[in-house]
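To start, the structure itself, in structure tokens.
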Amino acid sequence: MNAVIGSIIENLRSIKIIYEPTVQIFKGDRTNTGDAKEFTVNDFIQSYLTNDYRVKKGKIYSLDSESANIDCVVLAPNHPNLITPIREVILAEGVYCAIEVKPDISSLSKTSEFTRSLKQIKSIKDLKRKVDRLNLKILGHQKRPDYFDKIPAVLFSKKSADFDKIIRHFKEKFANGEIDKEEIPDIIFSIEKGVLFYCPYFKDSGYYNMLSEPQKLLFDGAVFMKVSSQENEEHINLLIFLMMFLNLEKPHLTMSDFFIKQYFKNHSVKTEYKYRTLEDEKEKLEKNPDLVKKLAKLMKVEEK
């Protein structure tokens with residue numbers, strides 16, 4: 001264990017305090033209860049960022065639209081100090097990540113906190129912005145989908161439904177045309193269960209090369225990646241979240257990465273990765289007989 005791992009364990013204790021049930025006399029005071037919960041998560045996020053990153057709360061504005069009020073907005077170093085006598089203005093081009101904070105998203109019903117959070121996430125993903133990107137076309141690389149210019153969106157919780165249940169929920173919504181593949185959160189995090197990462201263009205993500213050759217054939221489109229502690233340790237789940245959070249797309253070009261990431265590499269940490277597609281896997285295979293043949297061929301090679 002190093003100092004960064006130790007800090008995660010201590011921070012977990014603070015987050016737990018805020019997620020305890022509200023004292024009876026204060027249950028009617030929803031505003032301050034929410035503020036306390038959000039401030040703690042904001043403070044936790046801020047403590048693992050360099051000083052040129054800032055954490056705010058509020059609406060995010062683009063050139064032609066705005067998001068809903070967001071619990072936790074991480075501003076990148078390129079964001080100006082845009083302050084009026086009344087408010088701080090947040091511009092989409094300078095947002096590193098937007099985070100919705102919900103103590104419990106176990107219910108997936110139409111009136112649940114989970115469903116309300118998805119509306120907040122949609123308002124974030126609907127924002128259009130232009131960000132700095134290296135032009136790799138001159139090196140023969142294909143242009144990545146415009147999706148990667150959108151603001152990364154995270155749903156942060158203490159408790160959640162089982163990730164397989166959440167994936168099934170999204171599959172049904174997608175199949176029924178109730179949700180677009182680009183409106184799903186990049187990360188759904190549960191302190192108890194770990195990280196559910198999602199990318200509609202997984203082949204263009206930084207995680208694609210982790211896959212085996214047979215997996216690359218199947219998991220090249222809209223993919224969910226479940227990552228959690230094998231020992232169900234909550235501080236390890238927080239560590240996994242931070243590792244993935246600090247690997248999100250930056251809205252501007254940088255010369256160096258977060259050096260704290262080297263402290264996350266702990267050989268005693270055992271994690272588990274599982275993958276699922278947004279579309280039905282069986283239907284995908286039935287529609288692509290050539291894919292089945294390629295998979296079978298690769299599986300035989302791997303067995304040898």
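Here is how the numbers come out for the structure above:
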{"read-out": "Any hit, the stretch 237-250, residues being aliphatic (A, V, I, L, M), in contact with a Pro (Cβ under 8 Å, 6 or more places away or on another chain) and closer than 27 Å to ASN42 by Cα", "value": "yes"}
{"read-out": "In the stretch 223-256, residue modelled with the highest pLDDT [restricted to those that are in contact with a Lys or Arg (Cβ under 9 Å, 6 or more places away or on another chain) and farther than 26 Å from LYS158 by Cα]", "value": "PRO251"}
{"read-out": "Number of the condition not met by ASP71 [criteria: (1) at pLDDT 95 or above; (2) acidic (Asp, Glu); (3) within 19 Å of the chain's Cα centre (by Cα)]", "value": "(1)"}
{"read-out": "The lone exception for SER117 - which of (1) more than 25 Å from PHE189 (Cα to Cα); (2) crowded, with 19+ Cβ neighbours inside 10 Å it fails", "value": "(1)"}
{"read-out": "Residue selected from the stretch 257-285 under the condition assigned to a loop (DSSP other than H, G, I, E, B) and within 20 Å of MET1 (Cα to Cα), by the criterion modelled with the highest pLDDT", "value": "PHE258"}
{"read-out": "Qualifying residue in the stretch 137-152 (condition: among the β-branched types (Val, Ile, Thr), surrounded by 18 or more Cβ atoms within 10 Å (Cβ to Cβ) and under 13 Å from the mean Cα position of the chain (by Cα))", "value": "yes"}
{"read-out": "Criterion: in contact with a Ser or Thr (Cβ under 7 Å, 6 or more places away or on another chain), closer than 22 Å to GLN215 by Cα and in contact (Cβ under 8 Å) with a residue 60 or more places away in the chain - qualifying residue of LYS294, LYS284", "value": "LYS284"}
{"read-out": "Only one of LEU155, LEU242, LEU196, LEU238 that is within 13 Å of the chain's Cα centre (by Cα) and free of Cβ contacts under 8 Å to residues at least 40 places away in the same chain", "value": "LEU196"}
{"read-out": "Residues (closer than 13 Å to ILE99 by Cβ, outside any loop (DSSP other than H, G, I, E, B) and in contact with a helix residue (DSSP H, G or I) (Cβ under 7 Å, 6 or more places away or on another chain)) located in the stretch 51-67", "value": "VAL55, LYS57, ILE60"}
{"read-out": "Residue within the stretch 202-219 that is in contact with a Gly (Cβ under 7 Å, 6 or more places away or on another chain) and within 24 Å of SER157 (Cβ to Cβ) present", "value": "yes"}
{"read-out": "Those strands (runs of 3 or more DSSP E) lying entirely in the stretch 68-174 with at least 3 residues among the charged types (D, E, K, R)", "value": "95-105"}
{"read-out": "Long-range neighbours under 6 Å by Cβ, at least six apart or interchain, first residue on the phi > 0 side of the Ramachandran plot and surrounded by fewer than 24 Cβ atoms within 10 Å (Cβ to Cβ) within the stretch 174-191, second among the aromatic types (Phe, Trp, Tyr) and assigned to a strand (DSSP E or B)", "value": "none"}
{"read-out": "Counted residues, the stretch 63-100 - those being surrounded by 16 or more Cβ atoms within 10 Å (Cβ to Cβ) and of a type in the set (Ser, Thr, Tyr)", "value": "2"}
{"read-out": "Number of positions in the stretch 197-245 that are under 18 Å from ASN288 (Cβ atoms) and assigned to a helix (DSSP H, G or I)", "value": "8"}
{"read-out": "The one condition in (1) farther than 25 Å from ASP149 by Cα; (2) modelled with pLDDT under 95 that SER106 fails to fulfil", "value": "(2)"}
{"read-out": "Which listed residue is touching a residue at least 60 places away in the same chain (Cβ under 8 Å), within 18 Å of the chain's Cα centre (by Cα) and under 26 Å from ILE5 (Cβ atoms), from VAL41, VAL55", "value": "VAL41"}
{"read-out": "Unmet requirement for ILE18, which otherwise passes all of (1) modelled with pLDDT under 90; (2) surrounded by 14 or more Cβ atoms within 10 Å (Cβ to Cβ); (3) aliphatic (A, V, I, L, M); (4) within 24 Å of GLN262 (Cβ to Cβ)", "value": "(4)"}
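The values are calculated or read from the model by the stated rules, or taken from the named source; none is laboratory data. These numbers were taken from a predicted model, which means no experiment stands behind them. No Cβ is skipped: glycine too gets one built from the backbone with ideal geometry, and neighbour counts run over all protein chains shown.
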